[in-house]
Amino acid sequence: MTVLAALYSDLHHLGLIQKGVEPAAQPLAGGVSSDIWKVELAAGPIVFKRALAKLKVAQDWQAPVERSRFEIRWLRTVAQILPDAVPNLIAADEERGIFAVAYLDPLKYLLWKQQLLNGYVQPATAAEVGRRLAIIHAATASNLAMSSLFPSDAIFHEIRLAPYLEAAALCHPDLSDALLQLVAITARTKRALVHGDVSPKNILIGSNGPVFLDAECAWYGDPAFDLAFCLNHLLLKCLVCPAEKGLLLDSFFALAGSYLHGVNWELPAELEARAAHLLPGLMLARVDGKSPVEYITESGAKHSVRRVARQFLAAPAAMLGLIVEEWRRELR
Ligand SMILES: Nc1ncnc2c1ncn2[C@@H]1O[C@H](COP(=O)(O)OP(=O)(O)O)[C@@H](O)[C@H]1O
Ligand SMILES: [Mg+2]
């Protein structure tokens, strides 16, 4: 079957087109873990997504396709909590691992990553990302029924903890114990519904605020992971946008501050400490893990990440601000 025939077959299965109808469709750029299409239905454009078993990255990276089911469930859950923060789910089949959401027009929505790389850095945007993330975590915290909807511990380990923290441990044997302990603590901390890939490339900014995409790593676990994961991107972007360093670090504090303000299911200081322990691990993982960021290529930049990350893995800080201070010194 050609790729288009497979797409039409899935769209028909979802009840979105009649047999024999072949709407215009174009693959969307940017995705590495899915087949993702924009399809022009008579009722308007949609996005169709099907998870791939093998990711389109340089290193061999298999990922269980059942993760689609958790992305669908995450979309449904968050639509009940903050409908503005997700694209509207139009149709889904958890068994087949396929779904369709509303297409968000690029004239009205820009990827946050693109905004940041264009030098358009607004701390208020980061603050709203943090605020929304905390609302999602608060609404799902300490909820046994919710946790049973997301039995994705093994998948989360396979596509997050192993390729990031465990892969970094292999490159840094002297820090292996610290990194593997971080994996163990994260894996056993089961507190709220985690998105798992809160990266600026998975957030669209529209007039109604940030919209979260790509929840295929959804997991009922440690919400500190989402916070640290997103903050890590803001730190690393300083290397590619040095002129915006001040605003990026302001964005870091804006996001962390508004997020921690919304933490009502546990002591914010405890969550902050877990995020501050994870952050250097995730920093190191984006240089020496299985999914290095594409924009850190210079050895000097890699050295900076390694130096600061290694320092805080060896002697963890409980406060995020201490890591930022050191990062600021490193980049001076
Ligand atoms: N609903 C949507 N409307 C507009 N663009 C979208 C939508 N969903 C995804 N995209 C675009 O497609 C890209 C890939 O989608 P994503 O869900 O992140 O897939 P992947 O898992 O492959 O990264 C996004 O970064 C975004 O640019
Ligand atoms: Mg994505």
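Every read-out reported here was derived from the displayed coordinates using simple, explicitly stated rules and does not represent laboratory data. Here the structure is a predicted model, which means the values were calculated and not measured. Methodologically, a virtual Cβ is constructed for each residue, glycine included, from the backbone with ideal geometry; neighbour enumeration extends over all protein chains shown.
Between Leu149, Leu279, Leu255, the Gaussian network model of the chain with springs among Cα atoms under 10 angstrom shows the greatest mean-square fluctuation at Leu149. Size descriptors for region 228-290, from the alpha-carbon set: Rg then Dmax equal 12.7, 38 Å. Residues Trp112, Trp265 in ascending order of nearby Cβ atoms (within 10 Å, fewest first): Trp265, Trp112. Listed from fewest to most Cβ neighbours within 10 Å, the set Arg191, Arg306 follows the order Arg306, Arg191. Between the helical axis of 299-314 and the longest alpha-carbon principal axis of the chain there is an angle of about 70 degrees.
In the chain, helical runs assigned H by DSSP with n ≥ 4 each contribute -39500 (n - 2.57); averaged across all residues and rounded to the nearest 500, the mean residue ellipticity at 222 nm is -15500 deg cm²/dmol.
About the centre of its Cα atoms, the chain shows a dipole size close to 300 debye [charges on the beta carbon of Lys, Arg (+1) and Asp, Glu (-1) only; nearest 20 debye]. Binning all Cα-Cα separations of the chain at 20 Å, short to long from zero, yields these whole-percent fractions: 32, 59, 9, 0. Between 0 and 90 degrees, the angle of helix 176-188 with respect to the longest Cα principal axis of the chain falls at about 50 degrees. Counting beta carbons within 10 Å around each of Ser258, Ser251, Ser207 and listing the fewest first gives the order Ser207, Ser258, Ser251. Among Leu234, Leu170, Leu213, determine the one that fluctuates most according to a GNM of the chain built with springs between C-alpha atoms less than 10 Å apart. Comparing Leu234, Leu170, Leu213 in the GNM, the peak value goes to Leu170.
The long axis of helix 268-288 is offset from the longest Cα principal axis of the chain by roughly 80 degrees.
For region 153-277, the Kirkwood radius over C-alpha pairs fed into Stokes-Einstein at 37 °C and 0.692 mPa s yields D = 211 µm² per second.
Between the residues Pro23, Val65, Pro173, the greatest Cα displacement towards the positive end of the dipole of the chain, with unit charges on the Cβ of Lys, Arg, Asp and Glu, is found for Pro173.
For region 3-102, rounded, prolate or oblate, judged on the Cα gyration tensor with a ≥ b ≥ c (square roots of eigenvalues), a/c < 1.5 rounded, else prolate if a/b > b/c? Verdict is oblate for region 3-102. When only Cα pairs under 8 Å and 6 or more residues apart are kept, what is the percent relative contact order across region 110-331? That works out to 28 percent.
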